[in-house]
Every structure is written in structure tokens, then in C-alpha cells.
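Engineer: Attaching a single structure in C-alpha cells format; questions to follow.
The values are calculated or read from the model by the stated rules, or taken from the named source; none is laboratory data. It should be emphasised that the depicted structure is a prediction, and the values quoted were computed from it without experimental measurement. In this analysis, Cβ positions are derived from the backbone assuming ideal geometry, glycine residues included, and neighbour counts consider all displayed protein chains.
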Amino acid sequence: MPRTVDERLTTAALAEAANTPAERREEREARDPAGAAESRTPEENYAGPLLPQDICDEMRHRWESIQTGFVDDPRVSVQHADELVANAIKKLAESFAQERARLEQQWSKGSEVSTEDLRQALQRYRAFFHRLLSL
């Protein structure tokens, strides 16, 4: 669901968009950037930050700015916090969509996806699911 410059991503919009065909199509079309996950060990894929370090750093910087701005304009700070959380959730969903798209791409070519690839994908989902429920 493309957004104009004036439209901001919110958690409410993200939840609503997650059920639209356009959002599902965008997720299917996502691709794994340069096989980054393949160059790490399984333990590195499932532990530590859920997003790449540069994205985490950017989001931390944005959070500090939001928190500092609360004193001057609490309402805007809460709106910006919601946008930041929505963007973090979207980035996280995109990383899972990229992994699934990689597997689906192999399936669509008629290639067999190895049990090991599927095992690693399921481990990543399991690790994330357990982390999510433990928060």
C-alpha cells in the first residue's frame, strides 16, 4: 500500500494493511539482500538484534529525538513514537517476507527446497515467536 509524503505509517494503518492483498503481494515480492542471512551461522541468524545494526542505530537515534521532543510537544512525540514502532514492525515483517520469498522463488522454479533450508527458516520463526511472547 503506497503512501504519499503526507501520509505517515502508524501502527493502526499497519494492522489494517496487513490484511490487504496489496500488502501480501509486496511481501511476496521482497527479496533477500545479497544473501546476507546465508553468510551467518544459524546461531547468529536467531540471536541478537532482529534488524541489521544500521537500521537499529537509526531507530535508536530517532527514538532519542522523539523522547527529547516530548517536553516541548508530547502529542507529536507520541505520534512519532507510533510511526517509529510501525516502521520497526514493518521492517521486521519484511525480513521474514524476504526469507519466505526466497523459498517460494525456489518452489516456483520447480526446484526442491532442501529440508535444511526449511529447518533453518522454521527455527528463525520459532526463535522470533518465543522472543515475541517473552517480551
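Engineer: List the pairs whose first member sits in the stretch 54-81 and is at negative phi and exposed (fewer than 14 other Cβ atoms within 10 Å of the Cβ), whose second member is β-branched (Val, Ile, Thr) and in a helix (DSSP H, G or I), and whose Cβ atoms are under 9 Å apart, counting only residues at least 6 apart or on separate chains?
Structural biologist: Correct list of pairs: Val76/Ile66; Val78/Ile66.
Engineer: Within the bounds of the stretch 80-92, is there any residue that is of a type in the set (Val, Ile, Thr) and within 25 Å of Ala15 (Cα to Cα)?
Structural biologist: Checked the stretch 80-92: at least one residue is of a type in the set (Val, Ile, Thr) and within 25 Å of Ala15 (Cα to Cα).
Engineer: Quick check on this structure: which one of Leu9, Leu14 is modelled with pLDDT under 95, part of a helix (DSSP H, G or I) and over 16 Å from Phe128 (Cβ atoms)?
Structural biologist: The unique qualifying residue is Leu14.
Engineer: In the stretch 104-134, which residue that is loosely packed, with under 12 Cβ neighbours inside 10 Å and under 15 Å from the mean Cα position of the chain (by Cα) is modelled with the lowest pLDDT?
Structural biologist: Checking each candidate, the answer is Leu132.
Engineer: In addition: Out of (1) at pLDDT 85 or above; (2) within 22 Å of Leu9 (Cα to Cα), the odd one out for Arg25 is which?
Structural biologist: So the condition that Arg25 fails would be (1).
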